[in-house]
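The values are calculated or read from the model by the stated rules, or taken from the named source; none is laboratory data. Since we're looking at a predicted model, the values are computed, not measured. When we count neighbours, we look across all protein chains shown, and the Cβ atoms used for this are built from the backbone with ideal geometry, even at glycine. Side chains are part of the model used for accessible areas, which takes the heavy atoms of the whole protein and leaves out ligands, DNA and RNA. Shrake-Rupley method; radii C 1.70, N 1.55, O 1.52, S 1.80 Å.
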Amino acid sequence: MAVSTRNATLLTRSAGAVWHPCTQMKQHETLPLVPIARGDGVWLYDFDGRRCLDAISSWWVNLFGHCNPRINAALTSQLEQLEHVMLAGFTHEPVVELSERLSALTGGRLGHCFYASDGASAIEIALKMSFHFWRNSGRAQKTRFISLANGYHGETLGALAVTDVALFKDTYAPLLRQSAQVPSPDWRLAQQGESPRAYAGRCAQALERHLEQHHAETAAFIVEPLVQGATGMAMYDPEYLRRARALCDRCQVHLIADEIMTGCGRSGTFFAHAQAGITPDFLCLSKGITGGYLPLSVALTTDPVYAAFYDDSVARGFLHSHSYTGNALACRAALATLDIFRQDDVLEANKARAAYLNRAARSIAEHPRVRNFRNTGMIWAFDVDTNDPAFARKFYQAALARELLLRPIGNTIYFMPPYVIADDEIDFLAARTLATLEACLA
Ligand SMILES: *Cc1c(COP(=O)(O)O)cnc(C)c1O
């Protein structure tokens with residue numbers, strides 16, 4: 001492999017000075033970093049013009065392709081007006097307009113937007129706000145949180161406490177508050193002959209038993225609606241969310257919808273919880289919200305929650321802040337992203353795109369070593385029948401050699417492409433995935 005000087009120089013400098021995320025850096029002795037010089041649509045290019053198709057939207061953030069001309073134009077024009085101003089005591093057009101439009105997308109039911117810069121911080125905000133709501137309401141004993149088995153909510157200490165991924169969590173256990181996990185409605189765990197909906201119902205009964213015992217000290221139940229992403233794209237029936245909503249209402253426990261991954265159209269509807277016909281008490285968004293351009297997250301909540309903080313007493317207010325709260329450029333990128341949803345009728349177009357991908361991937365779904373091929377909206381996943389503990393790393397490298405960016409989670413391979421992927425690019429994705437699979441299983 002001929003690597004140009006610019007590529008090589010960047011790799012050496014990166015390994016020397018940059019501590020990369022979610023990485024044992026020593027592995028880069030044998031697994032080279034990938035230098036990226038520019039992006040265009042679904043494609044990423046190095047300095048030699050070598051390309052790869054970004055089939056996972058750069059960790060699930062990119063919606064409308066790299067260097068999208070419309071988002072670029074909106075940001076360029078915002079740069080001429082205002083790059084940032086503190087949001088304590090000040091306000092600006094992009095943050096007001098974004099809050100109004102997000103609220104409208106929830107049918108006005110979640111009318112109050114609190115901003116941060118990354119997903120985990122939005123989770124921290126929802127957890128703190130829920131606890132503080134109960135405290136302001138004279139229920140200070142409600143301090144505990146419940147989450148799903150195999151749930152992922154980010155890696156700051158509060159978010160990690162409700163995350164259920166041993167590899168990320170065990171090391172830090174002494175630093176974390178205990179939280180309780182209830183069974184995941186992941187339909188792969190259903191008994192033979194049991195439908196996903198029946199299994200969701202059975203899991204809801206387990207939640208009910210937990211809540212009946214612990215509601216007095218429980219502030220909130222946090223879920224990833226419809227798809228549990230980081231632990232391998234576990235999908236489940238919306239019935240679970242309907243039952244969870246009713247149980248949380250009955251037991252006076254908040255429902256937090258972590259839509260950091262499933263939001264912004266990824267699940268097929270703009271918000272995944274809408275497929276269950278429910279409204280959560282808190283909704284956390286990030287990742288796709290700026291089209292994958294800038295770090296921005298938001299926790300939306302209801303009038304009753306907002307009202308419980310509205311008081312003459314400063315200490316009853318929500319005294320939480322981040323320096324870049326409501327950053328004007330990030331809000332502008334989010335507005336440009338919402339404009340594209342409207343102008344291009346993206347949710348409708350994605351239905352045809354998803355149907356095309358399902359057809360193109362048929363030979364993957366029918367492969368003898370592939371299990372549980374599944375799809376929700378613009379998320380696809382399947383499990384590969386292999387005992388090779390290094391499968392994920394081998395597949396990642398073999399895919400890159402075939403111009404594909406795919407990053408399996410254990411034995412689960414998933415596609416989460418940008419919404420601008422064209423039919424011929426879908427064909428490319430399907431054919432190269434199959435070829436990579438064959439090469440790795442040979
Ligand atoms: C990515 C993710 C987070 C954390 O977001 P960060 O921006 O990485 O902190 C939280 N919850 C879900 C469901 C996610 O997919």
Handout entry: Residues being among the aliphatic types (A, V, I, L, M) and part of a strand (DSSP E or B) - total across region 29-45
Key = 1
Handout entry: Identity of the residue in region 218-261, without any contact (Cβ under 8 Å) to a residue 60 or more places away in the chain and open to solvent by less than 10 Å² (accessible area, probe 1.4 Å), that ends up farthest from the ligand (Cβ to nearest atom)
Key = 248
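Between 215, 210, which is touching a residue at least 40 places away in the same chain (Cβ under 8 Å), in a helix (DSSP H, G or I), away from the ligand (no atom under 12 Å from the Cβ) and open to solvent by 20 Å² or more (accessible area, probe 1.4 Å)? Write out each step before concluding.
Numbers: 215 fails: touching a residue at least 40 places away in the same chain (Cβ under 8 Å).
The conditions single out 210.
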Handout entry: Where a residue in region 114-134 is away from the ligand (no atom under 11 Å from the Cβ) and its partner, wherever it lies, is in a helix (DSSP H, G or I), with Cβ under 6 Å and at least six apart
Key = 114/125; 127/158; 133/305; 133/308
Completion exercise
Of (1) in a loop (DSSP other than H, G, I, E, B); (2) charged (D, E, K, R); (3) under 30 Å from residue 237 (Cα atoms), residue 388 fails just (3)
Practice task
Identify all residues within region 262-302 that are away from the ligand (no atom under 16 Å from the Cβ) and surrounded by 24 or more Cβ atoms within 10 Å (Cβ to Cβ); write none if there are none.
Solution key: 281, 301
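Given the criteria assigned by TED's automatic domain parsing to the domain that holds residue 110, aromatic (Phe, Trp, Tyr), open to solvent by 10 Å² or more (accessible area, probe 1.4 Å) and within 16 Å of the ligand (Cβ to nearest atom), does residue 310 qualify?
Values: assigned by TED's automatic domain parsing to the domain that holds residue 110: yes; aromatic (Phe, Trp, Tyr): yes; open to solvent by 10 Å² or more (accessible area, probe 1.4 Å): yes; within 16 Å of the ligand (Cβ to nearest atom): no.
Here the answer is no, as residue 310 does not meet what is asked.
Which one of these is within 29 Å of residue 323 (Cα to Cα), assigned to a helix (DSSP H, G or I), open to solvent by less than 10 Å² (accessible area, probe 1.4 Å) and touching an Asp or Glu at 6+ places or on another chain (Cβ under 9 Å): 122, 200?
Sole residue among the options that is within 29 Å of residue 323 (Cα to Cα), assigned to a helix (DSSP H, G or I), open to solvent by less than 10 Å² (accessible area, probe 1.4 Å) and touching an Asp or Glu at 6+ places or on another chain (Cβ under 9 Å): 122.
What do you reckon, is residue 76 assigned to a loop (DSSP other than H, G, I, E, B), farther than 28 Å from residue 231 by Cα and β-branched (Val, Ile, Thr)?
Values: assigned to a loop (DSSP other than H, G, I, E, B): no; farther than 28 Å from residue 231 by Cα: yes; β-branched (Val, Ile, Thr): yes.
No; evaluated as a whole, the condition is false for this residue.
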Practice task
Filter region 43-98 down to the residues that are open to solvent by less than 50 Å² (accessible area, probe 1.4 Å), small (Gly, Ala, Ser) and touching a residue at least 60 places away in the same chain (Cβ under 8 Å), then identify the one that is farthest from the ligand (Cβ to nearest atom).
Solution key: 74
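Within region 313-354, restricting attention to residues that are aliphatic (A, V, I, L, M) and free of Cβ contacts under 8 Å to residues at least 60 places away in the same chain, which residue is most open to solvent (accessible area, probe 1.4 Å)? Spell out the reasoning first.
Within region 313-354, the subset aliphatic (A, V, I, L, M) is 314-315, 319, 328-330, 333-336, 338, 340, 346-347, 349, 352, 354.
Filter once more, keeping what is free of Cβ contacts under 8 Å to residues at least 60 places away in the same chain: 314-315, 319, 352.
Numbers: 314: 108, 315: 73, 319: 127, 352: 65 Å².
This residue is 319.
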